[in-house]
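A.B. asks: Let me begin by handing over the structure; questions about it come next.
The values are calculated or read from the model by the stated rules, or taken from the named source; none is laboratory data. These numbers come from a predicted model, not from an experiment. Backbone-built Cβ (ideal geometry, glycine too); neighbour counts: all protein chains shown. SASA here: full protein model, heavy atoms, side chains in, ligands and nucleic acids out. Shrake-Rupley method; radii C 1.70, N 1.55, O 1.52, S 1.80 Å.
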Amino acid sequence: QVQLVESGGGLVQAGGSLRLSCAASGTIFSINTMRWYRQAPGNERELVAAITNDGSTAAADSVKGRFTISRDNAKSTVYLQMNSLKPEDTAVYYCNADVQGNPYRAYVSYWGQGTQVTVSS
C-alpha cells in the first residue's frame, strides 16, 4: 500500500507565499506523474499543476507565473511553491500520484488527505 501525506497548508494574507509538500511512502517501485489538485467549497476538484518523472511540468492558466511544481525523486516528494496568493486560491489542496508497486504491476493512482490553504484579503 502507498500513502501520500501533504503538509504546508495554512492561513496567509493576499500576496503572501506558501510551500506545500507531499511525501509518498509504502511499497514503491516507481512514481510516474505527480499532481496537485484543489477544491473550493461548492466547486469541483480542479487540476492545479503536474510534473512527470523526468521533470516536465504543466500548470493551470489561473496559477501560471505564480505557482511552481517540483519534485525530489530520491525522497518521493512533490512540492508546490505558491507565490502572490489571492483569496480565490483558497481551497483544500490534494496531492495525487501514479505509483507502481513493483515492475510487474500497473500504475495505481493514489490521493493524499488534503491540506487547507486559506488566503485572506
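A.B. asks: Once the Cβ-Cβ distance between ARG19 and VAL108 is put in as r, and R0 is 30 Å, what FRET efficiency do you end up with, to the nearest 0.05? All intermediate terms of the calculation are to be shown ahead of the outcome.
C.D. replies: Numbers: r = 27 Å, r/R0 = 0.90.
Efficiency, from the Cβ-Cβ distance: 0.65.
A.B. asks: So if I place +1 on the C-beta of Lys and Arg and -1 on the C-beta of Asp and Glu, and nothing else carries charge, what would the dipole magnitude of the chain be about its Cα centre? I want it in debye, nearest 20. Can you show the working numbers first?
C.D. replies: On the way: 10 positive and 9 negative charges, 30 e Å.
Using Cβ point charges on Lys, Arg, Asp and Glu, the chain gives about 140 debye.
A.B. asks: Rounded to the nearest 10 Å², what accessible area does SER84 have for a 1.4 Å probe in the complete protein model?
C.D. replies: Its heavy atoms expose roughly 60 Å² to the probe.
A.B. asks: Another question about this same structure. With the contact rule set at Cα under 8 Å and sequence spacing of 6 or more, what percent relative contact order holds for the chain?
C.D. replies: Details: 308 pairs, mean separation 43.6, N = 121.
Computed value for the chain: 36 percent relative contact order.
A.B. asks: So what's the net charge close to ALA60: Lys and Arg +1, Asp and Glu -1, counting the other residues with Cβ under 10 Å from its Cβ? Don't jump to the answer; show the numbers that get you there.
C.D. replies: Working: positive: ARG38, LYS64; negative: GLU46, ASP61.
Summing Lys and Arg as +1 and Asp and Glu as -1 gives 0.
A.B. asks: Just for the chain, what percent of DSSP beta bridges are antiparallel, to the closest 5?
C.D. replies: On the way: 41 of 45 bridges.
Close to 90 percent.
A.B. asks: Okay, next question. Which order do you get for ASP98, ASP54 if you rank them by accessible area with a 1.4 Å probe, largest at the top?
C.D. replies: Working: ASP98 30, ASP54 115 Å².
My answer, sorted largest first, is ASP54, ASP98.
A.B. asks: Continuing with the same structure: Assuming a ≥ b ≥ c are the square roots of the Cα gyration tensor eigenvalues, decide whether segment 12-80 counts as rounded (a/c under 1.5), prolate (otherwise, with a/b larger than b/c) or oblate. Could the numbers behind the result be given before it?
C.D. replies: Values: a/c = 1.78, a/b = 1.68, b/c = 1.06.
Since a/c reaches 1.5 and a/b is larger than b/c, the shape of segment 12-80 is classed as prolate.
A.B. asks: Count neighbours as other Cβ atoms within 10 Å of each site's Cβ, and list the GluC sites (Glu not before Pro) in segment 1-49 that are DSSP loop with at most 16 such neighbours. Please list the in-between numbers first.
C.D. replies: Details: sites: GLU6, GLU44, GLU46; in loops: GLU44.
Answer by residue number: GLU44.
A.B. asks: Eigenvalues of the Cα gyration tensor times 5, then square-rooted: what semi-axes does that give for the chain, in whole angstrom, largest first? Please report the intermediate quantities before stating the final value.
C.D. replies: Working: eigenvalues 135, 37, 29 Å².
One finds semi-axes of 26, 14, 12 Å for the chain.
A.B. asks: Under unit Cβ charges (Lys, Arg +1; Asp, Glu -1), what dipole magnitude, rounded to 20 debye, does segment 59-121 have relative to its Cα centre? It would help to have the intermediate numbers written out before the result.
C.D. replies: Values: 6 positive and 5 negative charges, 29 e Å.
Charge dipole of segment 59-121: 140 debye, to the nearest 20.
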